[in-house]
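Asker: This is the structure I have questions about; it appears just below.
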Amino acid sequence: MARYADPGAVEWVESGGGPLVAVPEAVLPFWAGADGEDLATDYDRACEVDGHVGLLPVGDSAALVLGDEPASTSFLPDHGTFVRWCAAGSEDELLAGVPAALDTAVWEHEVRWDVPGPVLLFDSAWPGAETDRTEHLRVPLEPGRYAVRATYAKPGPETWLGLVQLQRLVR
C-alpha cells in the first residue's frame, strides 16, 4: 500500500491504470481480474463501467467498481467514504478538505449495494484469489444494504478529490 506521509494518516491503494474494485471477501475467488477464458474478463467489465461507480455481479454478490479515473484511494470509516486523491499538495491537505467536501457535495445518482460483510479494495486487473500479492485495503463493512453515491469536489484552490460514500440502510 502506498503511504504519502511518514507516518501516513491512512493507507492508499493504487492501480496500474484501470479502475479499482471493492469485492466482498465472501466472493473473492470468483473475481478473475484480467485472467480468464471469456472474451470479456472481469477487468474488461470493470473498465466498461460508465461514471464514478457501478456494480458488477460476482458469485452470488456484487463488486463495487470505482470508475472514471485510477486515483489513489483510501477508506475513511468515520465518514463511511472512499476518498480518491485527484490533486493536493500533501496527504494532510487532502484529508483536511474531506469534511468541507462532504458538506458541499453535489452527489451523482445513487446505487444500492448488498454486502455480505467485509470487502477488499484492489486493482480490478488482479484476480481476487491473488490479492495477497498486490496492494489492497480491507474495509470491514457490516453485512447489509448500502446506498452508494459519488461525486468530485474541490474543497480548496489546489485540492481536488473524489468521494464515494456508503450509507447503511435500515430495512
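Asker: In what sequence do Phe82, Phe30 fall when counting other Cβ within 10 Å, fewest first?
Answerer: Ordered by Cβ neighbours within 10 Å, fewest first: Phe30, Phe82.
Asker: In addition: When the chain is treated as a GNM, springs tying every alpha-carbon pair under 10 Å, which of Asp78, Asp132, Asp60 comes out with the largest mean-square fluctuation?
Answerer: Its mean-square fluctuation being the largest, the pick is Asp78.
Asker: Considering only DSSP states other than H, G, I, E and B, which trypsin sites (Lys or Arg not before Pro) in segment 1-95 qualify as loop sites with at most 16 other Cβ atoms within 10 Å?
Answerer: Loop-located and lightly packed - Arg3.
Asker: A further question on this structure: Please arrange Leu76, Leu20, Leu166 by how many other C-beta atoms lie within 10 Å of their C-beta, fewest to most.
Answerer: Starting with the residue having the fewest Cβ neighbours, the order is Leu76, Leu166, Leu20.
Asker: Between (i) 16.1, 53; (ii) 15.2, 43; (iii) 15.2, 47, which entry matches Rg and Dmax of the Cα atoms in Å as derived from the coordinates of this structure?
Answerer: (iii)
Asker: Can I ask one more? Out of the chymotrypsin sites (Phe, Trp or Tyr not before Pro) in segment 107-171, which ones are loop residues according to DSSP with at most 16 other C-beta atoms within 10 Å?
Answerer: In loop regions of segment 107-171 (DSSP not H, G, I, E or B), the sparsely surrounded chymotrypsin sites (Phe, Trp or Tyr not before Pro) are Trp107.
Asker: Helix-derived [θ] at 222 nm for the chain: sum -39500 (n - 2.57) over DSSP H runs of at least 4, divide by residue count, nearest 500?
Answerer: For the chain, the value works out to -2500 deg cm²/dmol.
Values in this text are rule-based calculations from the coordinates and carry no lab data. Note that the coordinates shown come from a computational prediction; the quantities given were computed from them, not determined experimentally. With ideal geometry, Cβ positions are generated from the backbone for all residues, glycine too; neighbour counts draw on all protein chains shown.
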